[in-house]
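The structure appears right after this line, and notes come after that.
The values are calculated or read from the model by the stated rules, or taken from the named source; none is laboratory data. If you're wondering where the values come from, they're calculated on a predicted model, not measured in any experiment. Here the Cβ positions follow ideal geometry from the backbone for every residue, glycine too, while neighbour counts run over all protein chains shown. For accessibility, only protein heavy atoms count, side chains too; no ligands or nucleic acids. Shrake-Rupley method; radii C 1.70, N 1.55, O 1.52, S 1.80 Å.
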Amino acid sequence: MSAVDGHPPDGAALNGDRPTGATVLVARDLTKHYKVRERGLRGSVGPKRVVHAAEDISLELRAGRVSAVVGESGSGKTTLAQMLAWLIRPTAGEILLDGQRVTRRSLRAYRHRVQIVFQDPFASLNPVHDVHYHLARPLRIHRRARGRAAVDEAVEALLARVRLEPTRQFVHKMPHELSGGQRQRVAIARALAAGPSVLLADEPVSMLDVSIRLGVLNLLGDLRDTESLAILYVTHDIASARYFADTVTVMYAGRLVESGPAVEVTDHPSHPYTQLLLSAAPDPERAAPAVIKGSGAAPSLVNPPAGCRFHPRCPFAMPVCRTQRPPDVPVGPGHVAACWLRHPDHARATVHPPAGDPPA
Amino acid sequence: MTAQPGLSARSPVLEIEGLCIEYGTGDGAVRAVIDVDLVLHRGEVVGLAGESGSGKSTLAYGATRLLRPPGTITGGSVVFHPDPKRPELTVDLLDAGITELRRLRWRELAIVLQSAMNALNPVLSVETQLTDTLAAHLPGSTHASRRERAADLLRLVGISPDRLRSYPHELSGGMKQRVMIAMALALEPQVVIMDEPTTALDVVTQREILQEVIELRDRLGFSVLFITHDLSLLLELADTIAVMYAGRLMEIAPARRLFAAPRHPYTAGLLASFPSLHGERRVMTGIPGSPPDLRNPPPGCPFHPRCGFAEPQCRQAMPPLAPPPGPVGWGRLVACWLQDGRADRPDEIARPEPPARPAGPVPTGQGPVQP
């Protein structure tokens, strides 16, 4: 990788003949509601309630691009990744792969193309099986290799792709013999074994030691560049999203609040929640003591606030924010914010925080 | 109790010297903390940074005598100075008997444990947990006074006192962590050890709690030993930062100096592992390899297998923790053979020191932009 945002010229893709930048996976208005029912001490059953885990999420993943989804715990970012991986069924909305609507019947073909890497490499590998088993199984299931010799060869090729070299040394290791970073590389290799064009990475480095996180992120970056993978990078760490992703989408309380080019969103945050998130992030280069722009905690998803879900914490909230859900307002090239402050009907000079430089 | 400038502000309150801790005994023993020297001054926030398995939590448990078997303290001293004007009260915690420890713990030396989520008793209300502590350590106190103090403590950490009747499951993660901090401060200790107190929290909550800790420190004047794996957090929070690796201290320096001019290749590598929130995006590499297995540590400097500048002597002997070349009296120490006064140090560990700043408490987060 010569530069973080340097992409190889179109056509360098190994992954089919899809040009870099082409849309591969589209999520359209994905919604997940969980019905819950509280149980009392004597088996009494409480009223039915609904957890609004994710609502109306639309997202595009493009070949050779990393799309980051940034949010805090409970924002719905993992729900989104799991819906895209078809591990949980959306309550509403649809997923399109290469323009085709995904259904249960096309599930095997879908898994072939869309794979997921989980957060915890200590839990996602089976402790009683070695590396070879973990990689050979998806190769056989997805018919990527047949016969012992071909499978062995393919396993070693996968290990080389995730830079676990010399590969012979790793093939027969058990998970407990590997460090966290090495395990996560095996998990990535397992996802690659199916030959996917989309990789969903749910907090792939948050369980790893700080000094080895960048190594794993850079590996994913290389895969994006050399194999034109479309990568969804789910994270709570906005600095790593800025470093590694091409586009950043910010989620709050189950909804998208802002999305755009990674550097644009982090340098000129438009939504007050993004501004709050950035103001609270650790930043050794901060010139003055941090001033957190907002207060309070994320709302309950059982009874989410009406209107904009951020309004109870928003320092700029207006009456309209309490009643009406804000539309996506374009604020720059490819940059949208779901905020009434940005809407021409409501933006007033006095309350309108200029992008990236809101009133203190 | 306030952090007064002058004598008491810089007098040591906790001096750890030559501390060695092992897990297990005999040939199979794992040396988790090796020969660590660390001084905590009055009113100071010392950050202890290290990756998992670096021995940072073991150090905290050892220094407070909370270490459980098979952990054993095999050497060193942990000297606590309760009062700078009364040196006769000075006590070595490693020699202290159980009665003496009981007298010092919580009242003088409190600890906020990792994952507050699990450190609170789920079947007792917040009030019971706070007043139990007070009853155990203030035997003469009345029920009403303890209740009042519990309410005060909650107010201190920004929680409304009507939450006293709440059970832990009724509180958010951030509130539980605040309750833990309130409990630690219940008896106005001089030293508070915080072991990854904000790791499980969201960034906004984390920031609120850190700001609260600093405000309380300024108001009450206690010292903090803040243990975390997140160096970027310490740079904004701590006055002094100590970096641990494989059980050893690799570098100690004032936060600003450590950020602007790291002297150990491991520190430089750690700093290069945190992507910036500003400026051009550039490729960063982190540190190659992974932390060593302490059951089978490499000979010499434990960092040499991952170090880009390792020399033959790094593979043979552990360098001493000594002042790097440069003006003395800057509170800097580093354990690296490359800092032996030679002229041709690699650029990464030879950046110029930031300009000196006027005397006074070090404000948080005013490091210059990294070159």
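Assorted remarks:
- Condition check for A:LEU276: open to solvent by less than 10 Å² (accessible area, probe 1.4 Å), at negative phi and more than 16 Å from the chain's Cα centre (by Cα): yes
- Residue, nearest to B:ARG10 (Cα to Cα), within the stretch B:181-199, restricted to residues that are of a type in the set (A, V, I, L, M) and over 17 Å from the mean Cα position of the chain (by Cα): B:LEU187
- Residue within the stretch A:232-240 that is in a helix (DSSP H, G or I), crowded, with 22+ Cβ neighbours inside 10 Å, in contact with a Ser or Thr (Cβ under 8 Å, 6 or more places away or on another chain) and not aromatic (Phe, Trp, Tyr) present: yes
- Every pair of residues 6+ apart whose Cβ atoms lie under 8 Å, when the first sits in the stretch A:179-206 and is within 14 Å of chain B (Cβ to nearest Cβ) while the second is surrounded by fewer than 24 Cβ atoms within 10 Å (Cβ to Cβ) and acidic (Asp, Glu): A:GLY180/A:ASP209; A:GLY181/A:ASP209; A:SER206/A:ASP237
- Scanning the stretch A:214-231 for residues that are open to solvent by 10 Å² or more (accessible area, probe 1.4 Å) and in contact with a Phe, Trp or Tyr (Cβ under 9 Å, 6 or more places away or on another chain) turns up just one, A:ASN218.
- Failed item in (1) of a type in the set (D, E, K, R); (2) within 14 Å of chain B (Cβ to nearest Cβ); (3) in contact (Cβ under 8 Å) with a residue 40 or more places away in the chain, with A:ARG309 passing the rest: (2)
- Considering (1) closer than 24 Å to B:ALA150 by Cβ; (2) out of contact with any Lys or Arg (no Cβ under 6 Å at 6 or more places or on another chain); (3) open to solvent by less than 30 Å² (accessible area, probe 1.4 Å); (4) away from chain A (no Cβ under 13 Å), the lone condition that B:GLU188 does not fulfil carries the number (3).
- Selection status of A:VAL263, surrounded by fewer than 22 Cβ atoms within 10 Å (Cβ to Cβ), more than 17 Å from B:ILE287 (Cβ to Cβ) and within 13 Å of another protein chain (Cβ to nearest Cβ): yes
- Residues of the stretch A:239-260 satisfying the condition of being among the aromatic types (Phe, Trp, Tyr) and closer than 29 Å to B:LEU271 by Cβ: A:TYR243, A:PHE244
- A single member of A:ALA297, A:ALA306, A:ALA290 is of a type in the set (A, V, I, L, M), over 20 Å from the mean Cα position of the chain (by Cα) and open to solvent by less than 30 Å² (accessible area, probe 1.4 Å), and it is A:ALA290.
- All conditions but one from (1) touching a helix residue (DSSP H, G or I) at 6+ places or on another chain (Cβ under 9 Å); (2) within 22 Å of A:LEU84 (Cα to Cα) apply to A:ASP283; the one that does not is (2).
- The set of residues in the stretch B:333-353 being in a loop (DSSP other than H, G, I, E, B) and modelled with pLDDT under 90 consists of B:ASP340, B:GLY341, B:ARG342, B:ALA343, B:ASP344, B:ARG345, B:PRO346, B:ALA350, B:ARG351, B:PRO352, B:GLU353.
- Test: residue in the stretch A:231-252 that is more than 14 Å from the chain's Cα centre (by Cα) and more than 13 Å from chain B (Cβ to nearest Cβ): no
- The residues in the stretch A:1-57 that are modelled with pLDDT of 85 or more, over 26 Å from A:TYR110 (Cβ atoms) and charged (D, E, K, R) can be counted, and the count is 1.
- B:PRO197 being away from chain A (no Cβ under 13 Å), outside any helix (DSSP H, G or I) and closer than 23 Å to A:LEU276 by Cβ: yes
- Among the residues of the stretch B:78-116, those identified as surrounded by fewer than 17 Cβ atoms within 10 Å (Cβ to Cβ) and outside any loop (DSSP other than H, G, I, E, B) are B:PRO87, B:GLU88, B:LEU89, B:ASP92, B:ILE98, B:THR99, B:GLU100, B:LEU101, B:ARG102, B:ARG103.
- Meeting the requirement of 2 or more residues that are more than 14 Å from chain A (Cβ to nearest Cβ) and surrounded by fewer than 19 Cβ atoms within 10 Å (Cβ to Cβ), the strands (runs of 3 or more DSSP E) wholly within the stretch B:6-74 are B:12-23, B:30-41.
- Check on A:SER259, closer than 24 Å to A:ALA92 by Cβ, in contact with a Leu (Cβ under 9 Å, 6 or more places away or on another chain) and in contact (Cβ under 8 Å) with a residue 60 or more places away in the chain: yes
- The set of residues in the stretch A:267-303 that are more than 9 Å from every other protein chain (Cβ to nearest Cβ) and at pLDDT below 90 comprises A:VAL291, A:LYS293, A:PRO299, A:SER300, A:LEU301, A:VAL302, A:ASN303.
- Answer residue from the stretch B:200-217, given it is outside any helix (DSSP H, G or I) and open to solvent by 30 Å² or more (accessible area, probe 1.4 Å) and is nearest to the other protein chains (Cβ to nearest Cβ) among those: B:ASP202
- Hits in the stretch A:39-86 (condition: in a strand (DSSP E or B) and open to solvent by 30 Å² or more (accessible area, probe 1.4 Å)): A:ARG39, A:VAL45, A:PRO47, A:LYS48, A:ARG49, A:VAL50, A:VAL51, A:HIS52, A:ASP56, A:SER58, A:GLU60, A:ARG62
- Yes/no for A:ASP222 being farther than 25 Å from B:PHE303 by Cα, more than 17 Å from the chain's Cα centre (by Cα) and within 13 Å of chain B (Cβ to nearest Cβ): yes
- Against the criterion of being touching a strand residue (DSSP E or B) at 6+ places or on another chain (Cβ under 8 Å) and surrounded by 14 or more Cβ atoms within 10 Å (Cβ to Cβ), B:LEU321 qualifies.
- Helices (runs of 4 or more DSSP H) contained entirely in the stretch A:93-198, each with at least 1 residues that are open to solvent by 80 Å² or more (accessible area, probe 1.4 Å) and over 30 Å from A:VAL210 (Cβ atoms): A:107-113, A:131-141, A:148-161
- The residue that is least open to solvent (accessible area, probe 1.4 Å), counting only those in the stretch B:145-165 that are touching a residue at least 40 places away in the same chain (Cβ under 8 Å) and within 13 Å of B:ALA186 (Cβ to Cβ), is B:VAL157.
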